[in-house]
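Asker: Handing you a structure now.
The values are calculated or read from the model by the stated rules, or taken from the named source; none is laboratory data. The shown structure was predicted, so the numbers you read here are calculated from the model rather than taken from an experiment. Because the Cβ atoms are built from the backbone with ideal geometry, glycine has one as well, and the counts that use them run over all protein chains shown.
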Amino acid sequence: MKIVFNKAKLLPFTLTAFIISLDQLVKYIIVKNWPIEPPYNWTFIHDLFGNGLVQFIHVRNRAIAFSLGHNLPDVIKPVVFIVLPVIVLGLLLWYYAKSPHFLTLQRWAVAGIIGGGLGNIIDRIFRPDGVVDYVSVKFFGIFGWDRWPTFNIADASVVVCCLILLATIIFTSGKEA
């Protein structure tokens, strides 16, 4: 397989750049304006009882999603949280570049995954206190959680784009994909 980049393959990377830029801009604003201690939150959406459904709060995550791996030894963390994700994103980009089989929506989804992944890798490299998370959503006691784990634009991009990619793989015929 030969690597071919044409307009159709390159255009989705505008989404990658947009996600990284927006993610880093919002994180910069949060870090500069909202202290971690004491936790400051701003309720964006209220429920009928005046409780915060969606809140912005400044927290740091020194692990990965749902704080997985926070107990790992400090020597292992850079490998698991930086090197491994860079390898995964590199393999995804390599497959994207080599494969002629991506649908247009799948190209945009891959670009969104790469943008979100890079947004958090940037934090892991340049923010020693951890990845900046700031969106807190009420979860109504499901799975025993009052609130969903706090996340950011990069996290949301990875999750939404993975779901889109998965849905397009599942719901398109072998002929189309």
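Asker: Which residue, of Leu105, Leu72, Leu93, is under 16 Å from Ile169 (Cα atoms), in contact with a helix residue (DSSP H, G or I) (Cβ under 7 Å, 6 or more places away or on another chain) and not basic (Lys, Arg)?
Answerer: Testing whether each residue is under 16 Å from Ile169 (Cα atoms), in contact with a helix residue (DSSP H, G or I) (Cβ under 7 Å, 6 or more places away or on another chain) and not basic (Lys, Arg) leaves just Leu105.
Asker: Return the pairs, sorted by first residue and then second, in which the second residue is at pLDDT below 95 and not β-branched (Val, Ile, Thr), the first residue lies in segment 18-32 and is in a helix (DSSP H, G or I), the beta carbons are less than 7 Å apart, and the residues are 6+ apart or on different chains.
Answerer: Listed by first residue and then by second, the contacts come to Ile30/His58; Ile30/Tyr134.
Asker: Count, please, the residues in segment 26-58 that happen to be under 18 Å from Asp155 (Cβ atoms), exposed (fewer than 15 other Cβ atoms within 10 Å of the Cβ) and at pLDDT 90 or above.
Answerer: Adding up the residues that qualify gives 2.
Asker: Within segment 67-114, restricting attention to residues that are in a loop (DSSP other than H, G, I, E, B) and modelled with pLDDT of 90 or more, which residue is surrounded by the fewest Cβ atoms within 10 Å (Cβ to Cβ)?
Answerer: Result: Leu103.
Asker: Then there's this: Quick check: anything in segment 116-127 without any contact (Cβ under 8 Å) to a residue 12 or more places away in the chain, in a helix (DSSP H, G or I) and surrounded by fewer than 15 Cβ atoms within 10 Å (Cβ to Cβ)?
Answerer: Yes, there is a match, as at least one residue in segment 116-127 is without any contact (Cβ under 8 Å) to a residue 12 or more places away in the chain, in a helix (DSSP H, G or I) and surrounded by fewer than 15 Cβ atoms within 10 Å (Cβ to Cβ).
Asker: Going by the structure shown, is Gly117 over 24 Å from Arg62 (Cβ atoms), within 10 Å of the chain's Cα centre (by Cα) and modelled with pLDDT of 95 or more? Write out each step before concluding.
Answerer: On the way: over 24 Å from Arg62 (Cβ atoms): no; within 10 Å of the chain's Cα centre (by Cα): yes; modelled with pLDDT of 95 or more: yes.
For Gly117, the condition - over 24 Å from Arg62 (Cβ atoms), within 10 Å of the chain's Cα centre (by Cα) and modelled with pLDDT of 95 or more - is not met.
Asker: Counting only residues that are over 17 Å from Gly52 (Cα atoms) and either modelled with pLDDT under 85 or in contact with a helix residue (DSSP H, G or I) (Cβ under 6 Å, 6 or more places away or on another chain) (or both), how many does segment 129-154 have?
Answerer: The total comes to 6.
Asker: I'm checking my understanding of the structure. Among residues of segment 146-156 that are within 16 Å of the chain's Cα centre (by Cα) and outside any loop (DSSP other than H, G, I, E, B), which one is farthest from Leu68 (Cα to Cα)?
Answerer: Ile153
Asker: If you check Val137 against the conditions, is it in contact with an Asp or Glu (Cβ under 9 Å, 6 or more places away or on another chain) and among the hydrophobic types (A, V, I, L, M, F, W, C)?
Answerer: The answer is no for Val137.
Asker: Still on this model: What are the pairs, 6+ residues apart or on separate chains, where a residue within segment 60-87 that is on the phi > 0 side of the Ramachandran plot has its Cβ under 9 Å from a residue that is β-branched (Val, Ile, Thr)?
Answerer: Gly69/Ile76; Gly69/Val80
Asker: Taking segment 128-145, which residues are part of a strand (DSSP E or B) and within 14 Å of Lys27 (Cα to Cα)?
Answerer: Result: Val131, Val132, Asp133, Tyr134, Val135.
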